[in-house]
Amino acid sequence: MRNRPPRMPQPFPPPNPLALLYGRARQPLATVVPDTRSGMGRIHWPDGRVSDLLNLSRAKDAAVVIAQRDPSVANWRLLHWIHSRPETRPEAPPVRSAGRPRIGAAAGRATL
């Protein structure tokens, strides 16, 4: 029996933040950013404040309760959560464009 090298733990994918929106607004009232592994998260407010580490369900509930205090939120039923894009996205590597393929006159095949 061969000795196998120990398996390296696979890195967890970065979790997607949850944005709390009101009605058709595009600007979130709050964003809950989950921790990578712990099942906990932080509330990020638009003015730059960040909460302490909380359980995810408690963080979502707290964000809704605090957002309901805002005078611009007249109907709490219009509050909804969406998965937003991560705040920092890795850049895609540059791709060289091959241009538009030209059609060959004799065979009708695409040539570059």
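Could you say whether any residue in the stretch 44-52 is under 15 Å from residue 15 (Cα atoms) and surrounded by 13 or more Cβ atoms within 10 Å (Cβ to Cβ)? So far as the stretch 44-52 goes, yes, one or more of its residues are under 15 Å from residue 15 (Cα atoms) and surrounded by 13 or more Cβ atoms within 10 Å (Cβ to Cβ). Is at least one residue of the stretch 97-110 surrounded by fewer than 10 Cβ atoms within 10 Å (Cβ to Cβ), in a loop (DSSP other than H, G, I, E, B), hydroxyl-bearing (Ser, Thr, Tyr) and at pLDDT below 90? Taking every residue of the stretch 97-110 in turn, at least one turns out to be surrounded by fewer than 10 Cβ atoms within 10 Å (Cβ to Cβ), in a loop (DSSP other than H, G, I, E, B), hydroxyl-bearing (Ser, Thr, Tyr) and at pLDDT below 90. Remark: pairs (first residue in the stretch 57-81, more than 20 Å from residue 42 (Cα to Cα); second residue outside any loop (DSSP other than H, G, I, E, B); Cβ separation under 8 Å; 6+ apart in sequence or on different chains) = 72/22; 73/22; 73/67; 73/79; 76/64; 76/68; 78/22. Of all residues assigned to the stretch 13-23, none qualifies as being of a type in the set (Ser, Thr, Tyr), in a loop (DSSP other than H, G, I, E, B) and at pLDDT 90 or above.
If the condition is being more than 17 Å from residue 64 (Cβ to Cβ), without any contact (Cβ under 8 Å) to a residue 60 or more places away in the chain and surrounded by 12 or more Cβ atoms within 10 Å (Cβ to Cβ), then the stretch 11-43 contributes 15, 35, 40.
The set of residues from the stretch 28-49 being modelled with pLDDT of 90 or more and assigned to a loop (DSSP other than H, G, I, E, B) comprises 28, 29, 45, 46, 47, 48, 49.
The values are calculated or read from the model by the stated rules, or taken from the named source; none is laboratory data. It should be emphasised that the depicted structure is a prediction, and the values quoted were computed from it without experimental measurement. Glycine also receives a Cβ, built like all others from the backbone with ideal geometry; neighbour counts cover every protein chain displayed.
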